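A quick write-up on the structure given underneath.
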Amino acid sequence: MQTNVRDFFEGTRDTPLESFHHQIDEALALHLKPHGRADEWDAILAKLPETIDSEALQYPGFNQSVVTVGNPGVDLEEPLGAFKPWRKGPLQIGGTYIDTEWRSDWKWDRIIPHISDLTGRTVLDIGCGNGYHLFRMLGAGASLALGVDPTLLFNYQFAAIQKLAPKNQAYLLPLRGEQLPAFNCFDSVFSLGVLYHRRSPVDHLTELLSFLAPGGELILETLVIEGDEHSVLIPPDRYAKMANVWFIPSPDLLKILLKRAGFTDIRVVVPNNTTLEEQRATKWMDFQSLADFLDPNDPGKTAEGHPGPVRAILVARKPA
């Protein structure tokens, strides 16, 4: 995992991010904690084959639903199995297909028609998991894609993918969004499935604004409920068995919050229900998944009786 950190510092020299290296280094020193399986995971990473590739920075394996890296003739099921659970994908790593918990490609297909062309843009993805969407962003033409996610397992999954990938400009840091400096330099910032995990949604939106360059674009995806600008669900305990869900607004209320945070040109993409086909247990994520979090007698409700998961995409802009 330390490889991810080293690659970031080396790969972002002579870019606008270099001026923030000291602040990021301090954040890592303060917040990065050792993991009990780090030695095991490091040993597995060391044994994975490396891809020898040109520096052309072209990514045919990233511009498709299944992010594909490595030699298809190499079976990597055993070492990659040590990094379970795999949540975001699907992925083809060497000769091993990873059927992840989430069909993250479906979310990407919903997002991409509604946002600015990513060609040549610098992109930040908050709570990016194993980086699936970072690779899709490069495949869509982004010049640099930085992700942050504090879950060390996901950082190791990203490192495994990168070891077999062609040389590229995707980076992942083991940090939370609130631990980042105010970059004010990214062309596009993505926050997908993060807002409802934050105790203060307005603080999160304000942070997202601070990461964007003037005129930059925010792509926000989050749980929503039906209702008007006064409607919000604040679960008294859990939502779909998750204890860390704090705030689920209506799309109209979310538009108001984005405006109050300083965003303009706010658009809502039609919300969609999260289905059992999009999020489910698989061989590569064999724990409980969405089917276990819903009312068995009424899949339109969570196990606690709340409205079932509906997600909306909002696109907004930082004033120029």
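The values are calculated or read from the model by the stated rules, or taken from the named source; none is laboratory data. Computed from a predicted structure; not experimentally measured. Backbone-built Cβ (ideal geometry, glycine too); neighbour counts: all protein chains shown. With ligands, DNA and RNA removed, areas are computed over all heavy atoms of the protein, side chains included. Shrake-Rupley method; radii C 1.70, N 1.55, O 1.52, S 1.80 Å.
Below are the figures for this structure:
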| quantity | calculated |
| --- | --- |
| Glu178-Ile234 pseudo-label distance in nm [points 7 Å out on the Cα-to-Cβ vector] | 1.6 |
| Global geometry of region 220-320, whether rounded, prolate or oblate, following the gyration tensor of its Cα atoms and the 1.5 cut on a/c | prolate |
| ³J(HN,Hα) computed for each position of region 252-261 - Karplus, 6.51 cos²θ - 1.76 cosθ + 1.60, integer Hz, glycine/proline x | 5, 5, 5, 4, 5, 5, 5, 5, 5, 6 |
| Dipole moment magnitude, nearest 20 debye, the chain about Cα centre, only Lys, Arg, Asp, Glu C-beta charged | 380 |
| Long-range amide H partners of Met242 with built H, under 5 Å | none |
| Extension gain from Ser19 to Asp292, taking 0.36 nm per residue of separation minus the Cα-Cα distance | 93.7 nm |
| Prolate/oblate/rounded call for region 128-222, Cα gyration tensor, a/c under 1.5 rounded | oblate |
| Base-10 log of normalised Debye intensity for region 172-226 (one unit scatterer per alpha-carbon) at q = 0.23 Å⁻¹ | -0.95 |
| Taking all pairs of distinct alpha-carbon atoms in the chain, Kirkwood radius in angstrom | 20.2 |
| Accessible carbon and sulfur surface of region 162-320 relative to its total accessible area, %, 1.4 Å | 51 |
| Label-point gap, in nm, between Arg37 and Ser116 - each point 7 angstrom along Cα→Cβ | 3.9 |
| Dipole-positive endmost among Gly11, Pro85, Pro201 within the chain (Cβ charges, Cα centre) | Pro201 |
